[in-house]
Amino acid sequence: MTTKLFYEDPYITNFTAYRWEQFTDEANRYYIVLDQTAFYPTGGGQPYDTGTLNGVQVLEVEEVEGEIRHYVDGPLPNQDAVQGQLNWKRRLDHMQQHAGQHILSAAFEDQLGYSTVSFHLGQEVCTIDLAVDNVSGEDIHRAEAFANDVILQNLPIETKWVNEEELTKYTLRKQLAVSQDIRLVIIPGVDYSGCGGTHPSSTGQVNAISVLKVEKQKKQTRVYFVCGHRVTDELRSKQSVVLGLTNVLNVPESKLVEAAERVILQSKEYEKAIEDLNEKLLSFKAKDLLHEASSIQDLKVVQMISNEFKMKDLQKLARMVLKEDPEAVVFFVSESDHKLQIVCGRGEADLDMNLALKGVLPLINGKGGGKKDFAQGGGEPIRSAEEVLMELVKTVR
């Protein structure tokens, strides 16, 4: 069993282990087992610590049946002792987020009666899921204000190992998942929870809590939040975006939403105008193609090879031609984006367009299909567009 120094003092950043062993797992990853460690392994919603062992990077830490495995970047040289060095910035961040979660969950429970059913400590943002299907903005502000007031009071955060009999002295916020080796994290008068994570010694060291957004998750509500240094990082990031938008839109911060809505409305108007112009251009093109159509077997065959039309416009153009002249037959082949695209259509003619398409798709390792009157597909440009079009026209002959 490894002595867990992170429980004795979560502020330990350097330590020495005098007994150690080196192994490889089934995936040939090196891992080190020490007689004592300050590295926290993944567990209880909190990620593992990183750092170095004798200068070798610790990539991951896991606990397997009481054995704490330090997965390292390579083998350690044989030495009498191992010097461990934690990445303190990462550890402090995890301590702030984890303690902040306790405080925020207690705030929702105390102020609103909403219990926390799960917690995730992410690299950038943390989340808790509340056992309620809807949380109002007013509720969020109320819980957030309560949580930050707890931080401002700088209350002690205590840890205590207890047995099941001693639990009767405490009003726990949630049911425990274990019945032995019970570790309580206590914020007097605020929160009493079973937890195996690391926490600062006082609420003031959490610095601040900021709720970013909420999302409905089936019958629960997910709350996204950050604590500690992440709050200032989030503020700095958002302020940079706001300043950029005020410069681009040339409006004060208070008018940003109004200006953004105006830009979006204009953009939609421009898109509609472009779409209308495109419809007109396609209409002119349809008339031109009909004017240039060939007569084959007493049928008006409209043919086109193009590199300017995508599939959506090819289909639209083909339907315009058929609407203009229901007796026409249409064969379009487009060369674009290193592929061939094909559209076949007919009005009243007794031809199977799906069969015509299926006849040429093997030539280009293609896929596609449709109905007797209209079909589309595409494939690789291993044959020229001219060859493919010629094969399509043969179906009329």
query = What about GLU26, is it over 27 Å from GLY194 (Cβ atoms), part of a strand (DSSP E or B) and out of contact with any Leu (no Cβ under 7 Å at 6 or more places or on another chain)?
reply = no
request  = Tell me which residues, restricted to segment 170-217, are more than 28 Å from GLY137 (Cβ to Cβ) and assigned to a strand (DSSP E or B).
outcome  = ILE182, ARG183, LEU184, VAL185, ILE186, TYR192, GLY194, SER202
note = Residue hits (segment 352-393; more than 25 Å from GLU308 (Cβ to Cβ) and either aliphatic (A, V, I, L, M) or not assigned by TED's automatic domain parsing to the domain that holds ILE342 (or both)) are LEU355
query = Just wondering, is there one or more residues in segment 260-280 that are assigned to a strand (DSSP E or B), surrounded by 10 or more Cβ atoms within 10 Å (Cβ to Cβ) and touching a residue at least 24 places away in the same chain (Cβ under 8 Å)?
reply = no
message = So, GLY84, is that one assigned to a strand (DSSP E or B) and touching a residue at least 60 places away in the same chain (Cβ under 8 Å) or not?
response = yes
ask   = Among the candidates LEU172, LEU167, LEU155, LEU130, which residue alone is in contact with a Phe, Trp or Tyr (Cβ under 6 Å, 6 or more places away or on another chain), farther than 23 Å from ASP233 by Cβ and surrounded by 15 or more Cβ atoms within 10 Å (Cβ to Cβ)?
value = LEU130
task = From the list VAL33, VAL61, pick out the single residue that is within 18 Å of GLY196 (Cβ to Cβ), surrounded by 15 or more Cβ atoms within 10 Å (Cβ to Cβ) and in contact with a Lys or Arg (Cβ under 8 Å, 6 or more places away or on another chain).
result = VAL61
query = Applying the selection to segment 121-157, what residues are in a strand (DSSP E or B) and either aliphatic (A, V, I, L, M) or modelled with pLDDT under 95 (or both)?
reply = LEU121, ILE128, LEU130
request  = Would you tally the residues in segment 219-257 being within 26 Å of ILE140 (Cβ to Cβ), surrounded by 11 or more Cβ atoms within 10 Å (Cβ to Cβ) and not hydrophobic (A, V, I, L, M, F, W, C)?
outcome  = 15
query = Is at least one residue of segment 108-118 touching a helix residue (DSSP H, G or I) at 6+ places or on another chain (Cβ under 7 Å), under 28 Å from VAL178 (Cβ atoms) and outside the structural domain of LYS216 (by TED's automatic domain parsing)?
reply = no
ask   = Of all the residues that make up segment 182-231, how many are modelled with pLDDT of 95 or more, out of contact with any helix residue (DSSP H, G or I) (no Cβ under 8 Å at 6 or more places or on another chain) and among the hydrophobic types (A, V, I, L, M, F, W, C)?
value = 1
ask   = Only one residue in SER202, SER115 is surrounded by 12 or more Cβ atoms within 10 Å (Cβ to Cβ), touching a residue at least 40 places away in the same chain (Cβ under 8 Å), within 20 Å of VAL231 (Cα to Cα) and not charged (D, E, K, R), so which one is that?
value = SER202
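The values are calculated or read from the model by the stated rules, or taken from the named source; none is laboratory data. Keep in mind that what you see is a predicted model, and the values were worked out from it rather than measured. Note: ideal-geometry Cβ built from the backbone for every residue, glycine included; neighbour counts use all protein chains shown.
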